[in-house]
1. Along each principal axis of its Cα atoms, how long is the chain end to end? Whole angstroms, biggest number first, please.
2. Charges on Cβ only, +1 for Lys and Arg, -1 for Asp and Glu, centred on the Cα centroid of the chain; of Gly285, Ala34, Ala249, which one is farthest towards the dipole's positive end?
3. Using θ = phi - 60° and the Karplus curve 6.51 cos²θ - 1.76 cosθ + 1.60, what whole-Hz ³J(HN,Hα) does each residue of region 404-412 get, with Gly and Pro shown as x?
4. Full extension from Ser298 to Gln18: what is 0.36 nm times the residue separation minus their Cα-Cα distance, to one decimal in nm?
5. Along each of the three principal axes of the Cα atoms of region 1-112, give the extent in whole Å, ordering the values from largest to smallest.
6. Give me the log10 of I(q) over I(0) for region 329-418 at q = 0.11, 0.15, 0.16, 0.19 Å⁻¹, as the Debye formula computes it from C-alpha points; what are the numbers?
7. Please report the relative contact order for the chain, taking Cα pairs under 8 Å with a sequence separation of at least 6, and give it as a percent rounded to a whole number.
8. Under a point-charge model restricted to the Cβ atoms of Lys and Arg (+1) and Asp and Glu (-1), what is the dipole moment magnitude of the chain relative to its Cα centre, in debye to the nearest 20?
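Quick note: the coordinates plus some simple rules give every number you see, no bench work behind them. Quick caveat, the model's predicted, so the values are computed rather than measured. Glycine gets a Cβ as well: all are built from the backbone with ideal geometry, and neighbour counts include every protein chain shown.
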Amino acid sequence: MDSKFQAVRGMNDLLADQIPWWQLVERRARELFADYGYQEVRVPLVEHAELFQRSIGEHTDIVEKEMYSFEDRGGDLLSLRPEATAGLVRAAIEHGLLHNQKQRLWTSGPMFRHERPQQGRYRQFHQIDCEAFGFDGPDVDAELIQISARFWRMLGLAGLRLRINSLGTPESRRRYRAMLVSHFERHRASLDAGSLRRLESNPMRILDSKNPALRELIASAPELIDHLDAGSREHFERLRELLAASGIAHDVDSRLVRGLDYYSRTVFEWTTQALGSQDAVCSGGRYDGLVAQLGGESTPAVGWALGIERIVSLLQNSGVSPPDAAPAIYVVLSGEQAESTGLSLADRLRDALPGAGVQVNMGGGSFKSQLKRADRSGAQVALIIGDGEVARRVAAVKPLRVEASQQDCPWDELPGRMASLLGRVQS
């Protein structure tokens, strides 16, 4: 029986009509990071599984349930990366990037988690990741949040809400952990299976539970922000001052703990009400202990990651128009001489008008059918070349988006005429 292959569940094809949105996000990100002095690095999609076990935490849902892990032919246990930070830290340590240096880095690409696919949550998803190493003050925390806030403005997105919190130092968290365990132990019978498991391994993760039955119990739990050490409190208050000075509105959310074990002090999330339950579009925080945890020298670090799929959905929902991917010029050809001449003329126009887009008709067809293709392509101008035009060394210029008559143009004058029609400065 014949069968058709389909994409793996939760791993989606991106077709041509979606790509302009993605290119817009990626292009703006490159411009943004260049403005702030962040350099791009690229790390492998596959890492040793132990890297994520040690960084994210053995008892997190990501490591326990969601990682794509496999044993390769050499017997190594490898994983498709579920997030980018651990790989960036590994690369920075391996290549000596943190030895007496401060680094501002960014990366992007696909991540993988075996979750239940739903709107805004996929098994292959794409992130843009921004990280700063070697800075221990709240000023860089503020800069990273400022970068994300500027990104929303560059994309024309509004209505995003910033939530921030402080998780304190590992020492203050240990004290808080004991209080939290005591609170939840008194209500052990009310906890679900996942919370009971976290009570033994990482009780702070219970605060992140989405189970509505636990809402009141979580609300009555002690708040970490009331038990911060003096240094973390000072760090957090200075961060808030810097955000206010930058005009960045924010809410303090004492229940924001993030789902990864490596965070300390500052954590934050940008959320929206426009995407249903998958409301977080950018999340991050400080992870001062992670570099040492993975074998490097103790190095303060902070960063964030945003989900490209969710940003694209926000753009589409908000009515922001994608960049025009249509060619500016469509070349209509008829006859053998016209075909060979048309290919050469099209390349001359590409040299003269880089980036404009010159699409040549392929596969033949009547003038009428080719003009229909030209119109469907979205081009602004059709150049019509038949064997008669070749003999006269002209092309018929037909505007497609404005009311204007068709006119012949000598080949040597085509670059200037096209530049004038398209409103471009000829290079």
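1. 91, 63, 43
2. Ala249
3. So the J values, rounded to whole Hz, are 7, 6, 6, 9, 7, 9, x, 4, 5.
4. Extra length from Ser298 to Gln18 when fully extended: 96.5 nm.
5. If we take the Cα atoms of region 1-112, the spans are 63, 41, 26 Å.
6. So the normalised log intensities are -0.25, -0.48, -0.55, -0.80.
7. Once divided by the residue count of the chain, the mean separation gives 15 percent.
8. Using Cβ point charges on Lys, Arg, Asp and Glu, the chain gives about 800 debye.
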